[in-house]
Each structure stands twice: as C-alpha cells, then as structure tokens.
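J.: The structure follows.
The values are calculated or read from the model by the stated rules, or taken from the named source; none is laboratory data. The model shown is predicted, which means the values in this text are computed figures rather than measured ones. With ideal geometry, Cβ positions are generated from the backbone for all residues, glycine too; neighbour counts draw on all protein chains shown.
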Amino acid sequence: MFDIIRVYLIEDEFVYRKKLHDFISSLQQKSFQYTVHITSIEELETFYYSEIEALTIEDNDVFIVDIDLKSHFSGIDIAKKIREKNKNSFIIFLTNLENKGIEIINQNIHATSYLIKGIGLNDRTVGNLFATIKKEIVNRTQDTEEYISLKKFGKTIFVKYKDILYIQTASGMRNMLVVKTIQSEQMIEGSINKLKEQIDPQYLYTGLRSYIINLTHVSALSRPEGLIMFDDGSELEVGSRIINKLKSVL
C-alpha cells in the first residue's frame, strides 16, 4: 500500500522551519513506511486569508503550527480554520511556553501534541511524535466499522463513513468517482459497483445505479426539482425517479 502523509510547516522563523524540515525528512531513511511530503508555508498572510480555504485537508495531514507568529493573527487562529475544514487532521503546536496548553484547550482545537522550542526540539522528539501519528493512522485503517479506504491517484485515503454525504460516478470520466463529504469534494479511482461491494450498507444506501447516499445527512427531497438536500446546505440533482425511490426507503 502506497501511503502519503502531507506535512505543513507553519513557522515564521527560518531556523526552526529548517530544523523541522530536516528532522522530518530524515524519517524517510528510518523505515518510516510512509512517503512524507513537506510544505513550508512562508507567505503566512496568503495562507491564512486564501490558501486554507482552497486547501483539501485530509485526515492524515499534519500541521505543525507556531502559536506565537509575528503577525496580527496567531497560530491558534490558523488552527481554528484548519479545524473548521477537518476535524481529524493532526495539529501540533510549536511554542516557547509550556503553559500555552490551557489556552489551546479553551479553544476546543483538540491539538495532537506540542513541541517546545529550544534544546528539547531534536530528531528524537520529532521521531517520537511521528511514531505516535503513524500508530494513530494504523488504528484508523484497522477500524473498518468507521472508515472506508479509497484510492486517490496512486495513494490510499481513509474517509469516515459518517462524514460522507454522497458518492457519484464522475460525468464523462471512466472509472472515476466524486466523493462529497461534509469537509470536501474530491475525485477517487474506481467503479461505483465495486465500491458498493466494499461499503457497509448500514452506513450508506447503495440501492441506486450511479449514486451512493448517506441517508442520515439527507434533510429534504424535492420531487419537482429532482433534488436531494443535505444537512450541510449542499444539493444533488438526481431526477424525480430517484427521489421516488429514496422516499420509499426514508
């Protein structure tokens, strides 16, 4: 299985950014079993005001965020935006002060861990952190009652059943599917029929030809418009015949 962990370094001091980049890069030489892609965020304002909104954040993504950025927004503000888009990604705070943890707890950010700047920030500390992250990712993959594994351009991603709104065949594209979740919309590889065989029917409705629907997220059905309305405000046009079928199972 080919797995990728994307790491985002959000730190405005070059020295610490370089240290972390080197420590994390060295994991590849230690049988880490995952391919690590590191992105150093240098234009913090652009990232905060526009790039976060456009970013597809996956559960295995890791954000190492300096709390005390030299800006009019803090690392906590950035972490809040990350959490709005994804509840399960890993957020690690980088700080000079050990007592910053109370402030984070009060913000309900649910940080994975903290790294303290100084002599304690070394390859061993970072290695232990990523060993913990790796263990959590493995636990997620083994939790087959909650997660489904999907193929996305050569890598395996894991999506919570409860986060899926619907899956549909991609129009005009062979063996490609669109997965719409409460956090994002993304393309994956595969056929709808094979995916139906993999899916646990207690979580998703698989009785439609070109769609898989999470009925728990359906808020309304409109037969005249042929629309499914979901509880996040999104809509899916399917036609009146499918609406009739869904009404019979809801």
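J.: For region 150-171: of the residues being of a type in the set (F, W, Y) and touching a residue at least 60 places away in the same chain (Cβ under 8 Å), which is surrounded by the fewest Cβ atoms within 10 Å (Cβ to Cβ)?
T.: Filtering region 150-171 for residues that are of a type in the set (F, W, Y) and touching a residue at least 60 places away in the same chain (Cβ under 8 Å), the one surrounded by the fewest Cβ atoms within 10 Å (Cβ to Cβ) comes out as F158.
J.: Return a yes/no flag: does region 214-224 have any residue that is hydrophobic (A, V, I, L, M, F, W, C), in contact with a Phe, Trp or Tyr (Cβ under 8 Å, 6 or more places away or on another chain), outside the structural domain of I137 (by TED's automatic domain parsing) and closer than 23 Å to T56 by Cβ.
T.: Taking region 214-224 as the starting set, the residues that turn out to be hydrophobic (A, V, I, L, M, F, W, C) are 215, 218, 220-221.
When the remaining residues are screened for being in contact with a Phe, Trp or Tyr (Cβ under 8 Å, 6 or more places away or on another chain), the result is 215, 218.
Checking which are outside the structural domain of I137 (by TED's automatic domain parsing) leaves us with 215, 218.
Those left that are additionally closer than 23 Å to T56 by Cβ: none.
The answer is no; no qualifying residue exists.
J.: Quick one: L177 ticks every box in (1) touching a residue at least 60 places away in the same chain (Cβ under 8 Å); (2) under 28 Å from R6 (Cβ atoms); (3) in a strand (DSSP E or B) except a single one, so which number is it?
T.: Here L177 meets the rest and fails (1).
J.: Restricting attention to region 29-47, and to residues there that are surrounded by 13 or more Cβ atoms within 10 Å (Cβ to Cβ) and touching a Ser or Thr at 6+ places or on another chain (Cβ under 8 Å), which single residue is farthest from G127 (Cα to Cα)?
T.: L44
J.: Moving to a separate point now. Do we find a residue being part of a helix (DSSP H, G or I) and of a type outside the set (A, V, I, L, M) anywhere in region 35-45?
T.: Among the residues of region 35-45, at least one is part of a helix (DSSP H, G or I) and of a type outside the set (A, V, I, L, M), which makes the answer yes.
J.: Write out, first by first residue and then by second, each pair whose Cβ atoms fall under 8 Å of each other, whose residues are 6+ apart or on separate chains, and whose first residue, in region 191-212, is touching a residue at least 12 places away in the same chain (Cβ under 8 Å) while the second is outside any loop (DSSP other than H, G, I, E, B) and among the basic types (K, R).
T.: Listed by first residue and then by second, the contacts come to Y203/K162; G207/K245; L208/K245; I212/K196.
J.: In addition: Suppose we filter region 73-117 for residues that are modelled with pLDDT of 85 or more and not acidic (D, E); how many remain?
T.: The qualifying residues number 27.
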